[in-house]
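These notes are about the structure you will find just below.
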Amino acid sequence: MRIAILVEGATEMAFRKKLHEFLQSRLEQKMPRLDFKPQHGGIPKEGKLKKIVETLLDNDGYDAVIALTDVYTGKPDFKDANDAKEKMRTWVGKNPKFYPHTASHDFEAWLLPYWTTIQKLAKHNLSAPSGSPETVNHQKPPYYWIKEIFSSGKRGKDYNKVIDGMAILKNNDLMISIKACPELKAFVNRIISLCDEEKIIS
């Protein structure tokens, strides 16, 4: 099984290793080949997305393509996660091998469950944003919370999406974030369902 995963850029690449380790522990011999495809600034829209998906499936031989977009893109592209997924489905058309997914409101939402680790790395005791990680929204999306604690902390360095993202995830259990973040659970379960339905996370 070969799965292409379209991601926005560097941030999600920090997530790749942790995701691979988690899936490998569950799927073992059924572990698929996951190829992250950074789009450098955002998942393409409309006909461009359709063309990329069809090329990956028809020319490059992938068994499935997953597009993973932030809901918060810095522009008024999407109202919420459902709107983002519906628009991507519409742009690509009825293709049974294409699966749209979102990080709501951005990838850093999936890091918020590890706030204690974030505090230690940033060397600051700023309180975590209230509510479920995926409800931290457009007014101040998760990235800005993490950026703020790093810039305010005693470490003396700004938040680096790749280096610090990997450090936050490194010694933590991905299942903690999966249980706290429905969109992450849906994304992980999509990969699992393509390989082994019995391993679905409830």
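Excluding residues on the same chain fewer than 8 positions from residue 18, give the aspartates and glutamates whose Cα lies under 12 Å from its Cα. Residue 18 reaches 173. When all protein chains stay in place and ligands, DNA and RNA are ignored, the 1.4 Å accessible-area order of 102, 55, largest first, is 55, 102. The charge dipole of the chain, taken about the Cα centre with unit charges on the Cβ atoms of Lys, Arg (+1) and Asp, Glu (-1), comes to about 380 debye, rounded to the nearest 20.
Accessible surface computed residue by residue for the chain, with neighbouring protein chains in place and a 1.4 Å probe, gives 50 Å² per residue.
Would you mind checking 51/94; 30/179; 17/85; 45/94 for any pair whose Cα atoms are more than 18 angstrom apart? In this structure, 30/179; 17/85 lie more than 18 Å apart at Cα.
Taking N as the number of residues in segment 85-202, what is its Cα Rg relative to 2.2 N^0.38 Å? For segment 85-202, the normalised Cα radius of gyration comes out at 1.20. Shape class of segment 1-115 from the Cα gyration tensor (axes a ≥ b ≥ c, square roots of the eigenvalues): oblate, since a/c reaches 1.5 or more and a/b does not exceed b/c. The listed residues 181, 195 rank as 195, 181 when sorted by accessible area, largest first, using a 1.4 Å probe.
A Gaussian network model of the chain, with springs between Cα atoms under 10 Å, assigns the largest mean-square fluctuation among 113, 32, 96 to 96.
Note on residue 161: aspartates and glutamates with a C-alpha under 16 Å away, same-chain residues under 8 apart excluded, are 8, 12, 70, 106, 108, 148.
Within the listed set 16, 155, 89, the Gaussian network model of the chain (springs between alpha-carbon atoms below 10 Å) gives the highest mean-square fluctuation for 155. Our Cα-only numbers for segment 26-70 put the radius of gyration and Dmax at 12.4, 37 Å.
Measuring only protein heavy atoms, the 1.4 Å probe finds residue 73 accessible over about 50 Å².
Of the accessible area of segment 2-139, computed with a 1.4 Å probe over protein heavy atoms only, carbon and sulfur atoms account for 47 percent.
The values are calculated or read from the model by the stated rules, or taken from the named source; none is laboratory data. All values reported here derive from a predicted model rather than from experimental measurement. Heads up, the Cβs are rebuilt from the backbone with ideal geometry, glycines too, and the neighbour counts pull from every protein chain shown. Keep in mind that these areas ignore ligands, DNA and RNA; they rest on the heavy atoms of the full protein, side chains included. Shrake-Rupley method; radii C 1.70, N 1.55, O 1.52, S 1.80 Å.
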